[in-house]
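Right, one structure below, let's go through it.
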Amino acid sequence: LIHVHVTAIRRHGAIDGYVALIRDVTREEKLQRARRDFVANVSHELRTPLTTIKSYVEALLMSEQDPETREQFLHVVEHEADRMVRLTEDLLQLSGLESGERSYQEVQVDIVQWLDRAERRFALSAQSQGVQLQVEARARGCLWGDADLLDRLLDNLVSNALQYTPSGGRVTVCAERDGGCLRVTVADTGIGIPAEDLPHVFERFYRVDKARSRRRGGTGLGLALAREIAERHGGRIRIDSRVGEGTTVVVSLPLEEGGCL
Ligand code: ADP
């Protein structure tokens, strides 16, 4: 997108020439559009569970239900509330990470336990989706880092992999030593990402296919947050993908002083 601004230069009342200002506003325009889409998407993502919660609470208030129905309704409310908590956590974490406000608590994080926790969190949903989830810790020892953030990093990558992998596919998570760093690979056999989108997927708000992403509850924050967390730990993240074949995300995190950069 190009903005052109033309001004006539006059001398003694007569036009003597023109000055044309040509500015490429593609980037700005894209960013602005991304922001607008993002706000719309977040609002939508928050409104959907809120509407559900409201109607279930109304039903609970309006009539007497048997205890079983009551409990079912309350579970729906809890589930929807959890969704909203996750979304707002992503938003807060991202803005906190960026402004450096969030306190960063560095502890020793055991690699095997870190992967185990992720496996336990996702085993059920992988199973119900018909996707095989394989988690393999080929490295022992500890990372120095913020345990919550590191959990979140794996969560975002594994949940993407599961989200974009149809039934019958496979998601593998593997951690191995690579010199002074730990290399964590999250690979899937899913739908993949078109080459032209690949350089942008770490940008905030960026979603490859809006319709598809919204249906799946995406906000375009997952990978942006994953990158922030990796960098905050002195690491790096990269992505490789082929449409129809699958996606591989590799995170390198320093195990030692000096790390892997
Ligand atoms: P979202 O909340 O939309 O998943 P992300 O930042 O996590 O946002 O990812 C950005 C976009 O990258 C997604 O909308 C999706 O289109 C694409 N993407 C991310 N991970 C994968 C994957 N494993 N397979 C296919 N597409 C992916």
Tell me the label-point distance for the pair residue 71, residue 29, using the 7 Å Cα-to-Cβ offset, in nm and rounded to one decimal. 5.8
Gaussian network model of the chain, Cα within-10 Å springs - most flexible of 113, 93, 72: 72
Cα gyration tensor category, rounded, prolate or oblate, for segment 62-165 with a/c compared to 1.5: oblate
When Lys and Arg each count +1 and Asp and Glu each count -1, what net charge do the other residues less than 14 Å away from residue 62, Cβ to Cβ, add up to? 0
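Rounded to two decimal places and with Rh computed the Kirkwood way over Cα pairs, what is Rg over Rh for segment 1-65?
Numbers: Rg = 26.9 Å, Rh = 16.9 Å.
Looking at segment 1-65, the ratio lands at 1.59.
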Whole angstrom only: what separates the Cα centroid of segment 7-43 from the Cα centroid of segment 112-187? 45
Expressed as a rounded percentage, what relative contact order does the chain have, with Cα pairs under 8 Å and six or more residues apart? 15
Can you work out the base-10 log of I(q)/I(0) for segment 1-116 at q = 0.10 1/Å, using the Debye formula on its C-alpha atoms alone? -0.66
Mind grabbing the accessible area of residue 52 for me, 1.4 Å probe, Å², rounded to tens? 40
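Pull out the extension gain between residue 243 and residue 52, defined as 0.36 nm times the separation in residues minus the alpha carbon to alpha carbon distance; nm, one decimal.
Extra length available between residue 243 and residue 52 comes to 65.3 nm.
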For 168-174, 154-160, ranked highest to lowest by mean beta-carbon neighbours within 10 Å, the order is 154-160, 168-174
Grab the Cα-Cα distance for residue 120 and residue 10, subtract it from 0.36 nm times how many residues apart they are, and report the gain in nm with one decimal. 32.2 nm
Where a label projected 7 Å from the Cα of residue 105 along Cα→Cβ would reach, residues of segment 143-180 with amide N under 17 Å: 143-153
Top of 36, 177, 204 by mean-square fluctuation, Gaussian network on the chain, Cα under 10 Å: 36
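Taking the convex hull of the alpha carbon atoms in the chain, what volume per residue do you get, in Å³?
Per residue, the Cα convex hull of the chain comes to 213 Å³.
The values are calculated or read from the model by the stated rules, or taken from the named source; none is laboratory data. Being a predicted model, the structure only gives us computed values, none of them experimental. Heads up, the Cβs are rebuilt from the backbone with ideal geometry, glycines too, and the neighbour counts pull from every protein chain shown. Protein only, heavy atoms only, side chains kept; ligands, DNA and RNA dropped before computing areas. Shrake-Rupley method; radii C 1.70, N 1.55, O 1.52, S 1.80 Å.
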